[in-house]
């Protein structure tokens, strides 16, 4: 071995010895004794369990009443009348057209045109897609069917079928024009 390494080795051994003696048990014995005896004479207080109330069963008795979400049963008119008696109803078996999922205010009329003597209207949805519609097509969320396309006036008229506040089906005409 090299003579220069011997002093470093001796210092390293001395340092390790001092470190191990510093971790000794002499200064910790009073702490251990305190921890062992500090709470030996005390018992923890535990709160009693809350009193359990008996469960009172509830019997649901409205299962045979009318469904409040059935449109035919919901509305009662001011005169005490019940469901719609006019016979006017939208065709529930008809397949829905794409523009029937948009409210009318989400549709923008872009223009009208005539092709093969048949008028057409161009509508744009709030999502930016354009659609060509003719008389008889449906649009809007109230069963709106296009009745008139006025190419010269750049306007269309559609008839909507809706439930009024007394539960009766009604129709109304709605006119859409190009917004400048």
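The values are calculated or read from the model by the stated rules, or taken from the named source; none is laboratory data. Quick caveat, the model's predicted, so the values are computed rather than measured. All Cβ positions, even for glycine, are placed from backbone atoms using ideal geometry, and neighbour counts span all protein chains on display.
Say whether the condition of being at pLDDT 85 or above, within 30 Å of residue 70 (Cα to Cα) and outside any strand (DSSP E or B) is met by at least one residue in segment 144-161. Scanning segment 144-161 turns up no residue that is at pLDDT 85 or above, within 30 Å of residue 70 (Cα to Cα) and outside any strand (DSSP E or B). Scanning segment 144-180 for residues that are more than 33 Å from the chain's Cα centre (by Cα), more than 17 Å from residue 124 (Cα to Cα), surrounded by 13 or more Cβ atoms within 10 Å (Cβ to Cβ) and free of Cβ contacts under 8 Å to residues at least 24 places away in the same chain turns up just one, 148. When you go through (1) free of Cβ contacts under 8 Å to residues at least 60 places away in the same chain; (2) under 28 Å from the mean Cα position of the chain (by Cα); (3) assigned to a strand (DSSP E or B); (4) closer than 22 Å to residue 161 by Cα one by one for residue 123, which number turns out not to apply? Among (1) free of Cβ contacts under 8 Å to residues at least 60 places away in the same chain; (2) under 28 Å from the mean Cα position of the chain (by Cα); (3) assigned to a strand (DSSP E or B); (4) closer than 22 Å to residue 161 by Cα, the lone unmet condition for residue 123 is (2). Among the criteria (1) over 18 Å from residue 141 (Cβ atoms); (2) modelled with pLDDT of 85 or more; (3) part of a helix (DSSP H, G or I), the one residue 50 does not fulfil is (3).
On inspection, residue 39 does not qualify as at pLDDT 80 or above, more than 30 Å from residue 138 (Cβ to Cβ) and out of contact with any strand residue (DSSP E or B) (no Cβ under 7 Å at 6 or more places or on another chain).
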